[in-house]
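Asks: The following block contains the structure, expressed as structure tokens.
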Amino acid sequence: MRQITLSQAVNEALAEEMRRDETVFIIGEDVAEAGTPFKVLAGLVEEFGTSRVVDTPIAEPGFMGIAVGAAMTGTRPVVDLMFGDFIYLIMDQLCNQAAKTHYMSGGKLKVPLVLRTNLGATRRSAAQHSQSLHALVAHIPGLKVAMPSSAYEAKGLMKTAIRDDNPVVIFEDKLMYNDKAPVPEEEYLIPFGEANIKREGTDITLIGTSSMVQVCEKAAEILAGEGISAEVIDPRTIVPLDEATLLKSARKTSRVIVVDEGHQSYGVTGEIASRINEKAFYHLDAPVLRMGAMDVPVPFSPALEDITVPTPEGVAENARRLMSGEMIHAA
Amino acid sequence: MAKSKHNTEDYLQMYRQMVRIRTFEDNANQLYLSAKMPGLTHMYSGEEAVAVGICEALEITDKITSTHRGHGHCVAKGAEFKEMFCELLGKEEGYCRGKGGSMHIADQSNGNLGANAIVGGSMGIATGSAFTSKMLGTGDVTVCFFGDGATAQGLWYEVMNMAALWNLPVIYACENNGYSEYTKTEEIAAGSITARAEAFGIEAHQVDGQDVLAVNELTQKLVARARKGEGPFFMELMTYRYHGHHVGDINREYYRSKDEEKDWKDNRDPIIRFRGWMVEQGIATEEEIEAMNAEIKADAKAAVEYALEAKYPDVSEVDMHVYVGVEHALA
């Protein structure tokens with residue numbers, strides 16, 4: 001199968017959906033000729049023109065609000081938010097308006113929009129361009145949240161998101177834009193709420209989101225060399241969450257580590273760990289462990305930044321300790 | 001009164017709609033004072049000529065966005081008393097199945113995209129609705145209602161900028177009732193309000209918001225031009241709210257004198273003025289007008305009685321309409 005980058009996968013998904021449905025359009029800062037700073041959208045304006053690849057002023061609440069109104073009245077906007085950190089700027093439009101409109105109108109109005117943004121530290125971009133803020137929006141009923149872990153997921157989830165009648169936020173890991181993965185030539189969609197078992201195992205379950213899936217896979221590789229069989233699961237969407245697959249694996253292996261790049265406290269790792277505790281407690285041989293980003297603003301210095309995020313070695317180390325029955329606290 | 005080019009039915013319709021709003025609000029206020037309504041509400045009384053003058057210049061397919069003080073817009077855009085009172089009382093037959101209430105009432109069937117409880121929160125939505133109109137070529141015009149207090153919100157400047165850049169068919173209608181909640185507007189707004197729109201090259205008008213014909217005449221012209229792609233436009237409508245910020249804001253002399261309120265009610269009431277003009281012009285007799293008033297009062301009374309007896313939504317509805325396509329979000 002051909003290999004393409006995550007960036008190309010997103011670009012293909014958008015182009016295919018824009019060809020299929022003329023109500024789909026892209027709106028955001030430097031999306032047209034510039035194709036975004038990450039060049040993810042390169043070439044789209046040539047095919048679809050500036051009326052459907054719409055450059056905006058630097059005004060995140062403004063263009064987000066416009067997208068909400070456009071979605072309510074018959075179009076399917078894909079909003080490009082240059083950095084996930086800017087999500088704080090659009091919180092009212094996303095969480096008070098987009099997320100609640102369908103509910104507050106008793107089901108009469110809908111907001112079929114996609115918010116494309118990113119997450120991920122270690123790009124040496126400091127505290128306002130490195131955050132992983134997906135837990136903030138996953139907290140809000142009415143929003144769906146997708147977290148692609150490779151080019152394959154990025155394409156399939158984006159196409160599903162565009163066809164979904166709800167507001168969907170997709171977080172791409174900005175360090176993965178150039179990572180290649182096998183992506184079929186023919187069309188496919190990845191349904192929301194279906195986790196992917198990336199690697200089967202019997203001793204411990206490693207649940208990872210976004211780029212943390214690769215971290216878990218590498219940890220599983222290390223552990224395999226030591227005779228520990230780790231299962232790796234990628235939920236792919238955290239809202240909706242495929243709880244059944246996660247619980248099934250937890251019951252099978254009896255040990256779980258949840259790895260996510262959001263801050264550890266009050267985050268995705270805590271939520272998933274809690275659900276497993278509530279529903280698989282009597283199958284567990286060890287406490288479910290959370291491994292998130294350190295609860296500090298992301299530092300600039302590489303010497304500091306690198307120790308704030310989970311690593312394969314760190315996950316493997318915690319897995320060993322869980323296997324040996326040691327009581328531990330991550331981070 | 002302003003000059004006009006209407007037939008008798010147009011005048012009667014404008015009068016009827018203004019009286020319907022006043023009557024609706026009198027009943028809503030009474031429901032609050034008699035503790036029959038959950039929560040609280042914001043009265044539109046005194047501002048009727050604004051909503052009616054504007055909405056009578058719109059087609060049913062044109063869109064509006066409304067505010068926390070939104071009953072007037074809802075009635076003026078064509079809503080029925082029964083569904084409105086049901087919504088105010090949280091009943092199943094309300095426009096939003098009781099899920100929105102007074103501050104979120106929406107009536108998609110008549111192009112009302114909804115009231116909004118965030119001051120200025122719908123400015124993006126209105127501009128986005130106009131974006132859809134331009135992108136899909138529907139010819140619809142969107143009117144964005146907001147108060148003078150909302151002119152302090154940054155979102156407005158962001159969306160006006162984009163509306164002007166893209167010539168969107170949106171009319172920003174600022175209902176200047178002189179008070180930003182409990183504060184005189186002159187204390188919170190530096191400079192002139194029309195100059196804010198003019199700074200973006202948007203044609204701005206100030207109009208007597210107590211003169212329904214003046215409002216209607218101006219709106220008709222602007223709507224026709226907006227349809228031709230000459231938008232956006234801005235209107236500042238000088239008006240007055242008879243009640244406090246909300247129904248519970250009774251003792252308000254610390255920010256507004258009784259003399260001032262009396263002066264507006266006695267000398268500038270939009271309904272009294274228009275009624276006098278209609279009689280003078282021979283459009284309707286006093287008897288015909290009294291009959292119309294009585295009929296509206298009876299309609300409102302019947303709707304209130306209906307709504308008071310109507311069913312609450314079944315508790316199973318609590319997790320419905322969270323997501324399109326998911327019957328029960330928590331199932």
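The values are calculated or read from the model by the stated rules, or taken from the named source; none is laboratory data. Since the structure is predicted, the reported quantities are computational estimates derived from the model, not experimental observations. All Cβ positions, glycine included, derive from the backbone under ideal geometry; neighbour counts span all protein chains shown.
Asks: Considering only the range A:278-293, state which residues are among the hydrophobic types (A, V, I, L, M, F, W, C) and surrounded by fewer than 18 Cβ atoms within 10 Å (Cβ to Cβ).
Replies: A:281, A:284 - these are the residues of the range A:278-293 that are among the hydrophobic types (A, V, I, L, M, F, W, C) and surrounded by fewer than 18 Cβ atoms within 10 Å (Cβ to Cβ).
Asks: So, in the range B:65-94, exactly how many residues are of a type outside the set (Ser, Thr, Tyr) and touching a His at 6+ places or on another chain (Cβ under 6 Å)?
Replies: Within the range B:65-94, residues that are of a type outside the set (Ser, Thr, Tyr) and touching a His at 6+ places or on another chain (Cβ under 6 Å) number 2.
Asks: How do the pairs read when you match residues in the range A:13-38 that are under 25 Å from residue A:123 (Cβ atoms) and assigned by TED's automatic domain parsing to the domain that holds residue A:84 with residues anywhere that are at pLDDT below 95 and aromatic (Phe, Trp, Tyr), using Cβ under 7 Å and keeping only pairs 6 or more apart or on different chains?
Replies: none
Asks: Of these, B:72, B:100, which one is within 19 Å of residue B:313 (Cβ to Cβ), at pLDDT 95 or above and crowded, with 21+ Cβ neighbours inside 10 Å?
Replies: B:100
Asks: Quick one: which helices (runs of 4 or more DSSP H) sit completely within the range B:216-331 and have at least 3 residues that are at pLDDT 95 or above, out of contact with any Pro (no Cβ under 8 Å at 6 or more places or on another chain) and under 28 Å from residue A:106 (Cα atoms)?
Replies: B:286-309
Asks: Got at least one residue in the range B:129-139 being hydroxyl-bearing (Ser, Thr, Tyr), at the interface with chain A (Cβ under 7 Å from one of its Cβ atoms) and buried (at least 24 other Cβ atoms within 10 Å of the Cβ)?
Replies: yes
Asks: Still on this structure: Only one of B:171, B:118 is under 30 Å from residue B:182 (Cβ atoms) and free of Cβ contacts under 8 Å to residues at least 12 places away in the same chain; which?
Replies: Within the list B:171, B:118, the selection yields B:118.
Asks: Only one of (1) surrounded by fewer than 24 Cβ atoms within 10 Å (Cβ to Cβ); (2) modelled with pLDDT of 95 or more is not met by residue B:181, so which one is it?
Replies: (2)
Asks: Please work out which residue is farthest from residue B:69 (Cα to Cα), limiting yourself to the range B:103-118 and to residues that are at the interface with chain A (Cβ under 7 Å from one of its Cβ atoms) and crowded, with 24+ Cβ neighbours inside 10 Å.
Replies: B:113
Asks: Let me ask you something else. If I filter the range A:88-105 for residues that are free of Cβ contacts under 8 Å to residues at least 24 places away in the same chain and surrounded by 24 or more Cβ atoms within 10 Å (Cβ to Cβ), do I get at least one hit?
Replies: Yes: the range A:88-105 contains one or more residues that are free of Cβ contacts under 8 Å to residues at least 24 places away in the same chain and surrounded by 24 or more Cβ atoms within 10 Å (Cβ to Cβ).
Asks: Further question: In the range A:226-274, what residues are among the basic types (Lys, Arg) and over 22 Å from residue A:321 (Cβ atoms)?
Replies: Residues satisfying the conditions are A:236, A:248.
Asks: Next question, about the same structure. For the range A:1-109, list the strands (runs of 3 or more DSSP E) that sit wholly inside it and hold at least 2 residues that are within 11 Å of another protein chain (Cβ to nearest Cβ); which are they?
Replies: So the answer is A:24-28, A:53-55, A:76-80.
Asks: Find the helices (runs of 4 or more DSSP H) located wholly in the range A:257-331 whose residues include 1 or more that are closer than 25 Å to residue A:236 by Cα, and list them.
Replies: The helices (runs of 4 or more DSSP H) meeting that bar are A:268-280, A:312-323.
Asks: Can I ask one more? In the range B:156-192, what count of residues is obtained for those that are assigned to a loop (DSSP other than H, G, I, E, B), within 21 Å of residue B:63 (Cα to Cα) and more than 11 Å from chain A (Cβ to nearest Cβ)?
Replies: Summing the residues that are assigned to a loop (DSSP other than H, G, I, E, B), within 21 Å of residue B:63 (Cα to Cα) and more than 11 Å from chain A (Cβ to nearest Cβ) in the range B:156-192 gives 2.
Asks: Pick from B:121, B:90, B:98: which is at positive phi and either more than 9 Å from chain A (Cβ to nearest Cβ) or under 16 Å from the mean Cα position of the chain (by Cα) (or both)?
Replies: B:90
Asks: For residue A:121, indicate whether it is assigned to a loop (DSSP other than H, G, I, E, B), more than 7 Å from every other protein chain (Cβ to nearest Cβ) and either buried (at least 20 other Cβ atoms within 10 Å of the Cβ) or touching a Gly at 6+ places or on another chain (Cβ under 6 Å) (or both).
Replies: yes
Asks: Based on what the data block shows, is residue A:275 buried (at least 16 other Cβ atoms within 10 Å of the Cβ), within 18 Å of residue A:216 (Cα to Cα) and at pLDDT 95 or above?
Replies: no
Asks: Just to confirm my filter: which strands (runs of 3 or more DSSP E) fall fully inside the range A:133-221 and include at least 2 residues that are surrounded by 24 or more Cβ atoms within 10 Å (Cβ to Cβ) and over 16 Å from the mean Cα position of the chain (by Cα)?
Replies: A:204-208
Asks: Something else: How about the range A:97-124: which of its residues are closer than 13 Å to residue A:174 by Cβ and either touching a helix residue (DSSP H, G or I) at 6+ places or on another chain (Cβ under 8 Å) or at pLDDT 95 or above (or both)?
Replies: A:116, A:117, A:118, A:119, A:120, A:121, A:122, A:124
Asks: Can you tell me which residues in the range B:257-298 are surrounded by 17 or more Cβ atoms within 10 Å (Cβ to Cβ) and among the small types (Gly, Ala, Ser)?
Replies: Answer for the range B:257-298, where residues must be surrounded by 17 or more Cβ atoms within 10 Å (Cβ to Cβ) and among the small types (Gly, Ala, Ser): just B:284.
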